[in-house]
Amino acid sequence: MQQKGYIKRLGHLRLDKITTRHIQNFVFELNKDLSPKSVKNYVFIISSIYNYAIKQQQVSFNPCINVTIPRQEHKEKDICTLDETQLLLDKLSNAVDGCDFKFSLFFTLAIFTGLRRGDG
């Protein structure tokens, strides 16, 4: 994964000079390109560094504590209409050899159980 210079955004600052505002601006920048989970991972790593620095008495405050991770807007999902689903089931019911049967079984189960793309 290309870093796009994210680390350079904070890497030039001393640990004791980074404020919550720096981290929050960093999060807003990350949120433009990355999923909320990836943004949380970045903040978690930075927060872990600060927790260690606090234990080592290098800093007295973790600026990540007050950072808000914005939610991304929900994207419209492409789903099949009833007619498209019926057409797919009709095509799958005509499976002849063993390989086609495996695909037929997989997609039929996915349709009737409501599996999503990441579930399969």
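Just to be sure, is SER60 part of a loop (DSSP other than H, G, I, E, B) and more than 14 Å from the chain's Cα centre (by Cα)? Yes. Here SER48 passes the criteria (1) under 29 Å from GLU29 (Cβ atoms); (2) at pLDDT below 80; (3) in a helix (DSSP H, G or I) except the one numbered (2). In this structure, is SER38 hydroxyl-bearing (Ser, Thr, Tyr), part of a helix (DSSP H, G or I) and in contact (Cβ under 8 Å) with a residue 12 or more places away in the chain? Against the criterion (hydroxyl-bearing (Ser, Thr, Tyr), part of a helix (DSSP H, G or I) and in contact (Cβ under 8 Å) with a residue 12 or more places away in the chain), SER38 does not qualify. Here the condition is being assigned by TED's automatic domain parsing to the domain that holds THR68, in a helix (DSSP H, G or I) and under 13 Å from THR68 (Cα atoms); of LEU30, LEU10, it holds for LEU30 alone.
For the range 51-65, the count of residues that are closer than 30 Å to PHE107 by Cβ, basic (Lys, Arg) and not assigned by TED's automatic domain parsing to the domain that holds GLY114 is zero.
The values are calculated or read from the model by the stated rules, or taken from the named source; none is laboratory data. As the structure is a prediction and not an experimental result, all values here were calculated from the model. Reconstructed Cβ throughout: ideal geometry from the backbone, glycine too, with neighbour counts over all protein chains shown.
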